[in-house]
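Shown next, in structure tokens, is the structure this report addresses.
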Amino acid sequence: MASTISAVYDVVGIGVGPSNLSVAALLDGIPELSAAFFERNDAFAWHPGLLFRDARLQTSFLKDLVTFADPVNPHSFVNFLHSKQRLHQFINADFDKITRAEFIEYMTWVATRLPNLKFSHDVREIRFHNDMFVARIDPNIEVYSKHVILGVGRRPYVPPCARPHLGDAVFHASEFLARAPRSRPASVTIVGGGQSAAEIFLYCIRNIDSGLKQLTWVTKRDNFSPLDDSPFTNEYFTPLYSKYFFELEADKRIALLNAQKLASDGISASTLREIYQEIYRVKFIEGRALDLRLLVDHELTALDRAGFKWAASICDTTTGERSSVLSDQVVLATGYETVVPRQIEGIRHLFELEREQLRLKHDFSASWRVPCRSRLYLQNAGRRSHGIADPNLSLLAWRSATIINSLLGREHFVVPQNEHLIERNAPQQTRQPMEQIA
């Protein structure tokens, strides 16, 4: 069946997660750019498999979809509260951090207000033809655009030893609420040392009445370490630091990412406190018969069937000693990885690579191998180029404003840039210049 050109736009967005939702919200007041954002799911969703009742954001509610780019934008979190007639109650509640459930309610509210979002539309592939991007949607519909914004997110990382066994008993943390509660396992092993692992552990220990007898938490980190969200560490989550980071050599950027790990991948102090208190309650007050093990400096090296259970082989990273943990269920809270999205595999060769990832310019567009005025922007793919804040909500609105300014060829959004509070020597110009793109 021949393909049908259904529309031509200035920009097409692929995927409607928080990143592209932010761009769509800021574009809503810019009629000179025609845009459409396509999402294969039938409604907005954000990590539904980890939407625990008490799960909270690790950042301020002001770091919403639009406020840091346009504080008076009607799609702000504060305006959401006002429209729902609960702004006073929200302030009176004096939340330290808001729940993810409320933030998802806010983002869903924004999504319902935007006419440029197209749900239940799966973009299968993108081609480049006659200086235009061609997005194939479903079997026979094609959409043309000058520019594309990829917001398809990062892929759950599964250790190689676990990949052949994925299913109802072995799965990534992102699927936890869809799989774990219905199976009521007697023994659970959680692998990972970040916030998701902590929230899953807390859920399990609070639900031991479901028949849980054994709970094991394994991490290769040397402790269950808290998120570093102190004021000076939060300087990493500013546009000025992102621009400083961008100009560094690749090896220096990688070294900084490793050193700054706990600034973005630690466990909220409140969650750690709740976990410790639950352990105290179960062990010392209630005296429950729960076999509880918390193993640090241990890495998952193999996973095999052992009758009706799973044997997780773990190695002590300090001594090299190996042991095995038997459990009914293995939850892999092993994070996410940045990969080249499947939709652009056919045009990947047109762009420059840096360590097997597309090289990004300062405006989050991919670097063409040959000059081209069309631009392919990547969301959540700039951690190595722009810093640890890239997949985080903190710079969401600033990144969207940067992309839109680049699309317009002018500074439509003026994002205030204060001086650094921490002195850092500006790096020598070793990378491509931060050119003005018309």
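Phi-derived couplings, Karplus 6.51 cos²θ - 1.76 cosθ + 1.60 at θ = phi - 60°, listed residue by residue for region 143-155: 10, 9, 7, 6, 9, 9, 10, 8, x, 8, x, 9, 8 Hz, with x used for Gly and Pro.
Once each part is reduced to its C-alpha centroid, what is the distance from region 19-89 to region 182-208 in angstrom? Cα centres, region 19-89 to region 182-208: 29 Å. Antiparallel beta bridges, as assigned by DSSP with both residues in region 38-163, represent about 85 percent of the total such bridges. What whole number of Å gives the distance from the Cα centroid of region 231-265 to the Cα centroid of region 283-298? Between the Cα centres of region 283-298 and region 231-265 lies a distance of 36 Å.
The aspartates and glutamates within cross-link reach of K309, meaning a Cα-to-Cα straight distance under 14 Å and a gap of 8 or more places when in the same chain, are D168, D328.
The residues packed around Y377, meaning those with a beta-carbon under 10 Å from its beta-carbon, carry a net charge of +2 if Lys and Arg are +1 and Asp and Glu are -1. Net charge near D209, counting Lys/Arg +1 and Asp/Glu -1 over other residues with Cβ under 14 Å of its Cβ? With Lys, Arg at +1 and Asp, Glu at -1, the net is +3.
Here region 209-244 is scanned for amide nitrogen atoms under 19 Å from the site 7 Å beyond the Cα of V414 along Cα-to-Cβ, giving 239-240.
The dipole here belongs to the chain: it is taken about the Cα centre, uses +1 on the Cβ of Lys and Arg and -1 on the Cβ of Asp and Glu, and is about 640 debye. When you filter the chymotrypsin sites (Phe, Trp or Tyr not before Pro) in region 299-378 for DSSP loop state and at most 10 other Cβ atoms inside 10 Å of their Cβ, you are left with F308.
By the count of neighbouring beta-carbon atoms within 10 Å, fewest first, F95, F284 end up ordered F284, F95.
As a rough guide to protection, the peptides 65-78, 210-223 ranked by mean Cβ packing within 10 Å, highest first, stand as 65-78, 210-223.
Site pair R184 and V8 shows an inter-label distance of 6.1 nm when each label is modelled 7 Å from Cα along Cα→Cβ.
Between I141 and A289, residue separation times 0.36 nm minus the direct Cα-Cα distance comes to 47.4 nm. Were the residues from E105 through N92 laid out at 0.36 nm apart, the gain over their Cα-Cα distance would be 2.7 nm.
Would you calculate a helix-derived [θ] at 222 nm for the chain, using -39,500 (n - 2.57) for each DSSP H run of n ≥ 4 and dividing by the full residue count, to the nearest 500?
Dividing the helical sum by the residues of the chain leaves -7000 deg cm²/dmol.
Stretching the chain fully between S270 and S210 yields a gain of 19.1 nm (0.36 nm per residue, less the alpha carbon separation). Charging the Cβ of each Asp and Glu at -1 and of each Lys and Arg at +1, and nothing else, the dipole of region 1-149 about its Cα centre rounds to 240 debye. If the reach is capped at under 19 angstrom between alpha carbons, list the lysines near K283, excluding any in the same chain fewer than eight residues apart. Qualifying lysines at Cα under 19 Å: K213.
The dipole here belongs to region 229-282: it is taken about the Cα centre, uses +1 on the Cβ of Lys and Arg and -1 on the Cβ of Asp and Glu, and is about 80 debye.
DSSP beta bridges fully contained in the chain are about 45 percent antiparallel. Think of the chain as having a plus end and a minus end, set by charges on the Cβ of Lys, Arg, Asp and Glu; of V152, A312, N92, A312 sits farthest toward the positive end of this dipole. Loop-located trypsin sites (Lys or Arg not before Pro) in region 10-107 (DSSP state not H, G, I, E or B) with no more than 11 neighbouring Cβ atoms inside 10 Å: R53. Only lysines eight or more places from K261 in sequence, or on another chain, were considered; those with a Cα closer than 22 Å are K63, K97, K220, K243, K252.
Every number here is computed from the coordinates shown, using simple stated rules; none is lab data. This is a predicted model, so every value here is computed, not measured. Cβ sites come from the backbone with ideal geometry, for glycine too, and all protein chains shown count toward neighbours.
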